[in-house]
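The structure under discussion appears below in the form of structure tokens.
The values are calculated or read from the model by the stated rules, or taken from the named source; none is laboratory data. Just so it is clear, the structure is predicted and the values come from calculations on it, not from any experiment. Here Cβ is always computed from backbone atoms with ideal geometry, including for glycine, and neighbour counts include all displayed protein chains.
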């Protein structure tokens, strides 16, 4: 009996320690990046770093505005494209589709979720970039096709599965009785969906969108491969952009040879982490609450 | 029913079907494009040879270094992440930690889950500088383990939460300790889900380029020790696509094909194993 008890309490201790270690890891991530970014924070104020656009590593001046603008532009464009398509798909799958269709489509969406980002990138280079180039020529914006628009399209396809699967979970949580009551009152199916289902599921669906936004912000490889990577604030859809993750990925090679460059890149990582975490944490909070309320 | 309402109903259905067709079409288009471009370029030599001299100029050789490197990186990282994730996922139950503590851990996990892989790459690079290790297999494994950990814990704890409560209570009522209940009852009951979680994380890890970019380096040889740099498939694709030589770009497509097939095989395997093992669980 003593052996059994010992084993039980020892295993419990180990598990608790590991669970604490996870919290420690999250703290270490933020603190570590902050410590490494301090040299650049010491020479330039936060506002100067975030709101100026001069990027001169050799002179030790770092302005992150083009990169932040690039991230915001490409992510917003992706959400603009992805949100209507994903929400409509999720609604169709959860409110209209037969079980058979749902069983057919679910693996396809899981497949999309499983595809690595490099593959999205290579698809973007093969298919999207030439198409955008053509479109640019038609619209009077001659360019290479490596642009904000190409990045936005590829990123939109990448977040489809996330929005669809989270929204479907949320929609499944809307009680059946609510739908039946609306239908019994003579509402059409779309009216039921529009005024009852969406209304009840709204917080969760918004959380799904915010979650996808934060996921899209941090996406590196696919965007890096199609977005053109020119450090300027973009003015049209056909301008190249250089988002924050691409900045980190593109410059790691030189970062040890120029003073304070590594600190600047670590600051970029910290900035990215903070942006993503703010969105992510608020979405998770809503989702936890939404799911709890309906269970 | 008025005509306007009927028209709206029809129009919305068509709109939703179009949206769904677009999403599903994109998935099939991506897989189709990569397979159509990659399969013709794929050869036995590519799969079984290391890069030879002039490989990056279009001469002979293969991507065995990247295939083995990727499998090593993702395999070791999956093993390491599983060893940590399993206890953490079980610890989130009510028997082990109070609710407030469980919430704090969950919030930390949510943050880690959302952290972009490039940030893990940068953080892993920082850790390596601290430990005095260069770009190596070990560094890549550390970064990938960090990346996989929250994915695995989240999937595992969801599976554990769905295990019937009665099952646990029955075990406790029979006098089993928490450890025995976990080991002999819960673990069996949740095994299919746990395996799926591990395979899911493996698939995510093997396809991730941003985390290994700084940490694992790249090498034309197969790593012999943990401190050797290791090539990986995503980076092989990225580097090969970046060259202006058409023959090398063809190889990028072929490498993408290999990566895609590995990822699809893993997710299919996860599905099959889960379906098979589900027969032995209690509902």
> Quick check: anything in segment A:108-127 free of Cβ contacts under 8 Å to residues at least 60 places away in the same chain and more than 30 Å from residue A:207 (Cβ to Cβ)?
Replying inline: yes
> Got at least one residue in segment B:37-48 being modelled with pLDDT under 95, closer than 29 Å to residue B:195 by Cα, within 12 Å of chain A (Cβ to nearest Cβ) and part of a helix (DSSP H, G or I)?
Replying inline: no
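Across segment B:16-27, which residue is surrounded by the most Cβ atoms within 10 Å (Cβ to Cβ) among those that are within 7 Å of another protein chain (Cβ to nearest Cβ) and under 17 Å from residue A:98 (Cα atoms)?
So the first thing to find is which residues in segment B:16-27 are within 7 Å of another protein chain (Cβ to nearest Cβ), and the list is B:16-17, B:19-20, B:22-24, B:26-27.
Still in the running and under 17 Å from residue A:98 (Cα atoms): B:16-17, B:19-20, B:24.
Values: B:16: 23, B:17: 15, B:19: 21, B:20: 25, B:24: 18.
So the residue we want is B:20.
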>> For the condition within 12 Å of chain A (Cβ to nearest Cβ), within 23 Å of residue A:274 (Cβ to Cβ) and touching a residue at least 60 places away in the same chain (Cβ under 8 Å), what is the one hit in B:92, B:149, B:109?
In response: B:149
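Go through segment A:1-50 residue by residue and tally those that are within 30 Å of residue A:267 (Cα to Cα) and at pLDDT 90 or above.
Initially, segment A:1-50 is screened for residues within 30 Å of residue A:267 (Cα to Cα), giving A:18-50.
Restricting the remaining residues to those that are at pLDDT 90 or above gives A:18-35.
Qualifying residue count, segment A:1-50: 18.
Which one of A:93, A:112, A:148 is surrounded by 22 or more Cβ atoms within 10 Å (Cβ to Cβ), more than 10 Å from chain B (Cβ to nearest Cβ), at negative phi and touching a helix residue (DSSP H, G or I) at 6+ places or on another chain (Cβ under 7 Å)? Give the steps one after another, and end with the answer.
Details: A:93 fails: more than 10 Å from chain B (Cβ to nearest Cβ); A:112 fails: more than 10 Å from chain B (Cβ to nearest Cβ).
Going through A:93, A:112, A:148 in turn, the sole match is A:148.
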>> I'm trying to understand the selection: among the residues of segment A:1-45, which are at the interface with another protein chain (Cβ under 7 Å from one of its Cβ atoms) and under 19 Å from residue A:248 (Cα atoms)?
In response: A:29, A:32, A:33, A:36
> What do you reckon, is residue A:186 farther than 21 Å from residue A:248 by Cβ and away from chain B (no Cβ under 14 Å)?
Replying inline: no
> Restricting the first residue to segment B:22-45 and requiring it to be outside the structural domain of residue B:261 (by TED's automatic domain parsing), which pairs with a second residue that is exposed (fewer than 12 other Cβ atoms within 10 Å of the Cβ) meet a Cβ separation below 7 Å and a spacing of at least six or different chains?
Replying inline: none
>> Among the residues of segment A:218-242, what is the count of those that are within 12 Å of chain B (Cβ to nearest Cβ), under 16 Å from residue A:69 (Cβ atoms) and modelled with pLDDT under 90?
In response: 1
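Give B:236, B:265 a once-over and let me know the one that is within 11 Å of chain A (Cβ to nearest Cβ), out of contact with any helix residue (DSSP H, G or I) (no Cβ under 9 Å at 6 or more places or on another chain), in a helix (DSSP H, G or I) and at pLDDT 85 or above. Break it down into steps so the answer makes sense when it comes.
Working: B:236 fails: out of contact with any helix residue (DSSP H, G or I) (no Cβ under 9 Å at 6 or more places or on another chain).
Step by step, each of B:236, B:265 is checked, and only B:265 is within 11 Å of chain A (Cβ to nearest Cβ), out of contact with any helix residue (DSSP H, G or I) (no Cβ under 9 Å at 6 or more places or on another chain), in a helix (DSSP H, G or I) and at pLDDT 85 or above.
Does at least one position in segment B:148-162 carry a residue that is over 23 Å from the mean Cα position of the chain (by Cα), surrounded by fewer than 21 Cβ atoms within 10 Å (Cβ to Cβ) and assigned by TED's automatic domain parsing to the domain that holds residue B:109?
Taking segment B:148-162 as the starting set, the residues that turn out to be over 23 Å from the mean Cα position of the chain (by Cα) are none.
No: segment B:148-162 contains no residue that is over 23 Å from the mean Cα position of the chain (by Cα), surrounded by fewer than 21 Cβ atoms within 10 Å (Cβ to Cβ) and assigned by TED's automatic domain parsing to the domain that holds residue B:109.
Can you say whether residue B:178 is in contact (Cβ under 8 Å) with a residue 40 or more places away in the chain and over 30 Å from residue B:69 (Cβ atoms), as far as the supplied structure shows?
Values: in contact (Cβ under 8 Å) with a residue 40 or more places away in the chain: yes; over 30 Å from residue B:69 (Cβ atoms): yes.
In short, yes.
Could you say which residue among A:73, A:42, A:37, A:10 is farther than 25 Å from residue B:148 by Cβ, in the same structural domain as residue A:244 (by TED's automatic domain parsing) and in a helix (DSSP H, G or I)? Lay out the reasoning, then the answer.
On the way: A:42 fails: in the same structural domain as residue A:244 (by TED's automatic domain parsing); A:37 fails: in the same structural domain as residue A:244 (by TED's automatic domain parsing); A:10 fails: in the same structural domain as residue A:244 (by TED's automatic domain parsing).
It is A:73.
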> With respect to the numbered conditions (1) assigned to a helix (DSSP H, G or I); (2) more than 20 Å from the chain's Cα centre (by Cα); (3) buried (at least 21 other Cβ atoms within 10 Å of the Cβ), which one is the sole condition not fulfilled by residue B:169?
Replying inline: (3)
> Any idea which of B:126, B:156 is on the phi < 0 side of the Ramachandran plot, part of a helix (DSSP H, G or I) and modelled with pLDDT under 90?
Replying inline: B:126
>> Scan segment A:46-54 and tell me whether some residue there is surrounded by 13 or more Cβ atoms within 10 Å (Cβ to Cβ), touching a residue at least 12 places away in the same chain (Cβ under 8 Å), within 14 Å of another protein chain (Cβ to nearest Cβ) and under 24 Å from residue A:215 (Cα atoms).
In response: no
